[in-house]
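Asker: Here it is, the structure, as structure tokens.
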Amino acid sequence: MAGGKKTYRPRRPNQGSGKQMSGSKPDGAKRGRQSQPDDGKNATRMMTKKVKTARGRKLSSKLWIERQINDPYVREAQIKGYRSRAAFKLEELDDKFGLLKKGALVVDLGCAPGGWVQIALKRGASRVVGIDLLPVETMAGAEMIEMDFMDEKAPQRLKDMLGGSADVVLSDLAANTIGHRRTDHLKTVSLVEAAADFAMDVLKPGGSFATKVFQGGAEKTLLTKLKQNFKTVKHAKPKSSRAGSPEIYLVATGFKNQRSEF
Ligand SMILES: C[S@@+](CC[C@H](N)C(=O)[O-])C[C@H]1O[C@@H](n2cnc3c(N)ncnc32)[C@H](O)[C@@H]1O
């Protein structure tokens with residue numbers, strides 16, 4: 001298993017206590033000065049809160065805090081008790097593609113802090129099996145392990161937890177980037193490919209696979225493989241996915257085969 005006994009903490013600059021979910025404000029945000037509305041004519045400007053650059057706080061940290069404070073999805077996630085703003089992305093994908101059926105057995109790859117798990121259960125999944133490098137607070141109806149999905153033992157661990165074929169495999173896996181474009185790209189591609197291979201190993205006929213991909217979408221070879229194995233394969237960019245983010249999602253429905261014996 002990866003990691004020790006640390007509590008989930010989104011990897012962002014200058015955060016506060018480990019109890020925060022990714023949608024919550026870091027401690028620095030609470031100390032920040034907020035600008036006052038100017039003349040009441042510009043509603044958008046009135047709503048935008050600024051954070052003072054404190055000594056020792058990097059600009060990237062200040063900008064991240066400002067973005068969190070001003071993000072309506074972050075606020076909405078807090079109101080609804082969702083563990084992450086990412087929860088809204090799965091809601092949108094499900095609204096569009098009808099992924100989550102009542103009684104579904106769902107796998108969630110990269111499940112921390114658990115926003116997608118909440119949505120899957122809320123929308124009728126009977127059970128969710130998840131994996132993440134980080135520990136995730138427990139949730140009734142979900143079984144989640146703290147493990148590297150790229151560990152060669154991970155697929156079998158997940159299959160043992162599943163105990164049968166899955167209806168849906170979700171992957172919101174996002175590699176820790178190091179800032180070296182080529183390396184980061186390769187890391188992301190290998191995560192997506194591993195997620196797709198796993199999905200095609202454990203899905204029931206008719207099952208669905210949804211995964212985060214980056215930049216121009218899925219690699220051509222992966223896309224070809226998915227098109228051979230699923231009835232439909234589409235890219236989607238949920239509204240709740242930040243416009244400036246290179247992430248988009250790939251949704252494959254109607255799995256044609258069944259590979260694994262359980
Ligand atoms: C965007 S977050 C997922 C958010 C989640 N969908 C939610 O709604 O709460 C991506 C997650 O992928 C996890 N991750 C990245 N690489 C991983 C790996 N090799 N194995 C397991 N988890 C990984 C990260 O630890 C992180 O928690």
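Asker: Check LEU99 against each of (1) of a type outside the set (Val, Ile, Thr); (2) in the same structural domain as GLY163 (by TED's automatic domain parsing); (3) more than 8 Å from the ligand (Cβ to nearest atom); (4) free of Cβ contacts under 8 Å to residues at least 40 places away in the same chain and name the one condition it does not meet.
Answerer: Looking at each condition in turn, LEU99 falls short on (4).
Asker: Could I ask something else about it? With out of contact with any helix residue (DSSP H, G or I) (no Cβ under 8 Å at 6 or more places or on another chain), in the same structural domain as ARG242 (by TED's automatic domain parsing), modelled with pLDDT of 90 or more and over 23 Å from GLU152 (Cβ atoms) as the only criterion, which of GLY206, GLY179 stands out?
Answerer: GLY206
Asker: To continue, here is another question. Consider THR183 against the criteria (1) among the polar types (S, T, N, Q); (2) away from the ligand (no atom under 12 Å from the Cβ); (3) in a strand (DSSP E or B): it satisfies all of them except one. Which criterion is unmet?
Answerer: With respect to (1) among the polar types (S, T, N, Q); (2) away from the ligand (no atom under 12 Å from the Cβ); (3) in a strand (DSSP E or B), THR183 is out only on (3).
Asker: Looking only at the range 107-126, decide whether some residue is surrounded by fewer than 23 Cβ atoms within 10 Å (Cβ to Cβ) and of a type in the set (Phe, Trp, Tyr).
Answerer: No.
Asker: Six or more apart or on different chains, Cβ under 7 Å: which pairs go from a residue in the range 230-258 that's farther than 13 Å from VAL213 by Cα to one that's of a type in the set (Val, Ile, Thr) and exposed (fewer than 15 other Cβ atoms within 10 Å of the Cβ)? Could you list them?
Answerer: That search, which allows pairs on different chains as well, returns THR253/THR232; GLY254/THR232.
Asker: While we're looking at this one, here's another question. Kindly evaluate ALA236 against the criterion of being in the same structural domain as TRP116 (by TED's automatic domain parsing), surrounded by 12 or more Cβ atoms within 10 Å (Cβ to Cβ), of a type outside the set (Lys, Arg) and within 23 Å of the chain's Cα centre (by Cα).
Answerer: Criteria met by ALA236.
Asker: Restricting to the range 153-174, give me the number of residues that are within 11 Å of the ligand (Cβ to nearest atom) and either touching a Leu at 6+ places or on another chain (Cβ under 8 Å) or in a loop (DSSP other than H, G, I, E, B) (or both).
Answerer: Qualifying residue count, the range 153-174: 5.
Results for (1) over 22 Å from ILE131 (Cβ atoms); (2) part of a loop (DSSP other than H, G, I, E, B); (3) at pLDDT below 95, shown as yes or no for each residue.
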residue: SER190; (1), (2), (3): no, no, yes
residue: THR211; (1), (2), (3): no, no, no
residue: GLY217; (1), (2), (3): yes, yes, yes
residue: ARG242; (1), (2), (3): yes, yes, yes
residue: SER260; (1), (2), (3): no, yes, yes
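Asker: Take the residues in the range 102-127 that are closer than 16 Å to GLU143 by Cβ and small (Gly, Ala, Ser), then tell me which one is farthest from the ligand (Cβ to nearest atom).
Answerer: Per the criteria, the residue is SER126.
Asker: Kindly establish whether LEU134 is under 26 Å from ASN176 (Cα atoms), assigned by TED's automatic domain parsing to the domain that holds LEU186, of a type in the set (A, V, I, L, M) and buried (at least 21 other Cβ atoms within 10 Å of the Cβ).
Answerer: No; evaluated as a whole, the condition is false for this residue.
Asker: Of the residues PRO135, PRO205, which is within 16 Å of the ligand (Cβ to nearest atom) and of a type outside the set (Ser, Thr, Tyr)?
Answerer: PRO135
Asker: Here's another thing I want to ask about it. Working only within the range 155-207, note down all residues that are aromatic (Phe, Trp, Tyr) and surrounded by fewer than 12 Cβ atoms within 10 Å (Cβ to Cβ).
Answerer: Matches in the range 155-207: none.
Residue-wise test of (1) at pLDDT below 95; (2) aliphatic (A, V, I, L, M); (3) within 19 Å of ALA174 (Cα to Cα); (4) part of a loop (DSSP other than H, G, I, E, B).
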position: GLY124; (1), (2), (3), (4): no, no, no, yes
position: GLY130; (1), (2), (3), (4): no, no, yes, no
position: ALA140; (1), (2), (3), (4): no, yes, no, yes
position: ILE145; (1), (2), (3), (4): no, yes, yes, no
position: ASP151; (1), (2), (3), (4): no, no, yes, yes
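Asker: If we scan the range 53-62, do we find a residue that is more than 26 Å from PHE209 (Cβ to Cβ), more than 14 Å from the ligand (Cβ to nearest atom), modelled with pLDDT under 75 and surrounded by 20 or more Cβ atoms within 10 Å (Cβ to Cβ)?
Answerer: No, the range 53-62 contains no residue that is more than 26 Å from PHE209 (Cβ to Cβ), more than 14 Å from the ligand (Cβ to nearest atom), modelled with pLDDT under 75 and surrounded by 20 or more Cβ atoms within 10 Å (Cβ to Cβ).
Asker: So which of ALA104, ALA86 ends up being crowded, with 17+ Cβ neighbours inside 10 Å, in contact (Cβ under 8 Å) with a residue 40 or more places away in the chain and over 16 Å from the mean Cα position of the chain (by Cα)?
Answerer: Criteria check complete, one pass: ALA104.
The values are calculated or read from the model by the stated rules, or taken from the named source; none is laboratory data. From a predicted model like this one, the values you see are computed outputs, not experimental measurements. Here the Cβ is made from the backbone with ideal geometry for all residues, glycine too, and neighbour counts use every protein chain on show.
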